[in-house]
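The values are calculated or read from the model by the stated rules, or taken from the named source; none is laboratory data. Keep in mind that this is a model prediction, so the values were computed, not measured. Ideal geometry is used to build each Cβ from the backbone, glycine not excepted, and the neighbour counts take in all protein chains shown.
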Amino acid sequence: CIFVGERGGQLQGHPARLQCSMENADVSHTDVHWYRQLPGQHKEWILTHDTNGRKTDHEDVNQRLQPSRVTSNNTYILTLRRVTVSDAAVYHCCVWGDVCGNGTRLNVTSE
């Protein structure tokens, strides 16, 4: 079972940190796939972070997205550096192909 922490609004130009906590499995032994869902659209894959620490990302994703994992609390992290209004979406973490959390809504404000 996956639980995704909810986040509030983030100021444009600041970093956002999305967390995905996992139960009944070890994040150090499980690849995570991150998806972004824009309003009114289907989920789109943005990156995979494998157990060896390698990141494979969608060609449109830039280096502002940085995945990591914290084994001490069994959590995956997706850090978005310098968020923009276009980053506003629901972000989903998935493991084992199709086991996904409910999603984390990222709201970005200009002030």
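Pairs linking a residue in segment 90-111 that is on the phi > 0 side of the Ramachandran plot to a residue that is surrounded by 14 or more Cβ atoms within 10 Å (Cβ to Cβ) and β-branched (Val, Ile, Thr), with Cβ atoms under 9 Å and 6 or more positions apart or on different chains, are Trp96/Thr30; Gly103/Val4; Gly103/Val90. The set of residues from segment 82-111 being surrounded by 14 or more Cβ atoms within 10 Å (Cβ to Cβ) and farther than 14 Å from Trp34 by Cα comprises Val83, Ala88, Asn107, Val108. Of all residues in segment 67-81, those satisfying the criterion of being crowded, with 16+ Cβ neighbours inside 10 Å and closer than 17 Å to Asp57 by Cα are Pro67, Arg69, Tyr76, Ile77, Leu78, Leu80. Filtered by the rule that a residue be touching a Phe, Trp or Tyr at 6+ places or on another chain (Cβ under 6 Å), under 14 Å from Thr48 (Cβ atoms) and either in a loop (DSSP other than H, G, I, E, B) or not charged (D, E, K, R) (or both), segment 64-111 gives Leu78, His92, Cys93. The listed residues are Gln63, Gln37, and the only one of them that is modelled with pLDDT of 90 or more and not hydrophobic (A, V, I, L, M, F, W, C) turns out to be Gln37. Reported count of residues in segment 12-45, each being under 17 Å from Asn102 (Cβ atoms) and crowded, with 16+ Cβ neighbours inside 10 Å, is 11.
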